[in-house]
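Read through the structure below, which is laid out as structure tokens, and then see the notes.
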């Protein structure tokens, strides 16, 4: 069994680490949210309190799934000195347009193989082990990385270098977040106009308005539960900032992403930042 270090066992990371434990020894790092850490320890994960402890373990693969690019860069700069050149780094973080390149440069300075793999899906898919992977890295590292990524990914697609894969991840998020935003406004409009939302969703599912976002939100929202889309307002705003920057030279895409970004910026300013995006359906003042 290989030794896998995992940084960031939050919403998404918990399910990934849980599935890795089926085939690998997993070492998780101290996390501010103790609930997922304690659950993973109960099923066999070992907790490391500091990055320096990694020196005492032969880590074959280090995975990172943190909130944003600045945090990832901070972690990379701190941990790189404790890794050896045989360690395979797989970064699952959603980065800004230059983030993956900066991360690659940090680890290359220590001759450590850096690989990017953005994932598509949510916490449910993460725990079920059916995420989609968007890979970027050296050609001969792809097979090595799949040994670990297959623990929680149904399919992994190789986009070439880390920059292309990181951009592909943002574009994939662009599509899903724009669709999700439309679904949220669809529900809010139906509520305002007092239209039977169950019937309206049944109609939408028969046409091109059907989508993963609609189904993820609708099944619960019809029953008054608005927690179907497990992604926070602040995370959505962060991703749309990254996307808006990526498509700055594409006028229409830039306008669309900027408009959606403004929705979540306003929601965050009103105190809804920690809410799930689907909960905005039930916020009359937003």
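Throughout, read-outs are computed from the coordinates displayed, never taken from laboratory work. What you see is a predicted model, and the numbers here were worked out from it, not measured in a lab. Cβ coordinates were reconstructed from backbone atoms using ideal geometry, including for glycine residues, and neighbour counts include every protein chain displayed.
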If one compares the long axis through the Cα atoms of helix 233-246 with the longest principal axis of the Cα atoms of the chain, the angle in degrees, nearest 10, works out at 80
In degrees, nearest 10, range 0 to 90: what is the angle between the Cα axis of helix 69-79 and the longest Cα principal axis of the chain? 10
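Can you tell me the relative contact order of segment 11-88? Whole percent, Cα pairs under 8 Å, sequence separation 6 or more. Walk me through the numbers before you get to the answer.
On the way: 60 pairs, mean separation 21.3, N = 78.
Relative contact order here is 27 percent.
So if we plug the beta-carbon distance of residue 110 and residue 191 into 1/(1 + (r/R0)^6) with R0 = 41 Å, what FRET efficiency do we get, rounded to 0.05? All intermediate terms of the calculation are to be shown ahead of the outcome.
On the way: r = 54 Å, r/R0 = 1.32.
After rounding, the FRET efficiency stands at 0.15.
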Which residues does the label zone of residue 102 cover in segment 54-85, counting backbone N under 14 Å from a point 7 Å along Cα→Cβ? 67-78
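Before rounding to the nearest 500, sum -39500 (n - 2.57) across all DSSP H runs of length at least 4 in the chain and divide by the residue total; then give [θ] at 222 nm in deg cm²/dmol. Mind showing how you got there, number by number?
Details: 11 runs with 132 residues, N = 286.
It lands at -14500 deg cm²/dmol.
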Measuring from a point 7 Å past the Cα of residue 164 along Cα-to-C-beta, which residues in segment 118-155 have an amide N at less than 13 Å? 135-140
Spread of Cα-to-Cα distances over 5 Å intervals beginning at zero, given as percent, for segment 3-160: 2, 10, 21, 24, 24, 15, 5, 0
Taking the 0 to 90 degree range and rounding to the nearest ten, how far is the long axis of helix 162-192 tilted relative to the main principal axis of the chain, both from C-alpha atoms? 30
Can you give me the distance in nm between label points at residue 199 and residue 182, each placed 7 Å from the Cα along the Cα-to-Cβ direction? 2.4
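Suppose R0 equals 45 Å. What FRET efficiency, 1/(1 + (r/R0)^6) with r the Cβ-Cβ distance, do residue 282 and residue 38 give to the nearest 0.05?
0.90
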For the modelled label position 7 Å from the Cα of residue 52 along Cα-to-Cβ, which residues of segment 20-34 have backbone nitrogen atoms closer than 17 Å? 30
Taking 8 Å as the Cα distance limit and 6 or more residues as the minimum spacing, I'd like the relative contact order of segment 167-282 as a percentage. 32
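Stick to Cα atoms and the Kirkwood definition of Rh, then tell me Rg/Rh for segment 87-156. Please list the in-between numbers first.
Numbers: Rg = 12.3 Å, Rh = 12.5 Å.
Taking Rh as the inverse mean 1/r over Cα pairs, Rg/Rh reads 0.98.
With the cut-off at 1.5 for a/c, could you classify the chain from its C-alpha gyration tensor as rounded, prolate or oblate? All intermediate terms of the calculation are to be shown ahead of the outcome.
Working: a/c = 2.05, a/b = 1.68, b/c = 1.21.
The shape class here is prolate.
Based on the mean of other beta carbon atoms within 10 Å per residue, what is the order of 264-274, 132-142, 112-122, most packed first?
Highest mean packing first, the order is 112-122, 132-142, 264-274.
Kindly state, to the nearest 0.05, the FRET efficiency for residue 74 paired with residue 265, given R0 = 25 Å and r defined as their beta-carbon distance.
Numbers: r = 24 Å, r/R0 = 0.98.
The computed FRET efficiency comes out at 0.55.
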State, as an integer percentage, the relative contact order of the chain based on alpha-carbon contacts under 8 Å between residues 6 or more apart. 14
Could you sort the peptides 150-161, 188-199 by per-residue average Cβ neighbour count (10 Å cutoff), highest mean leading? 150-161, 188-199
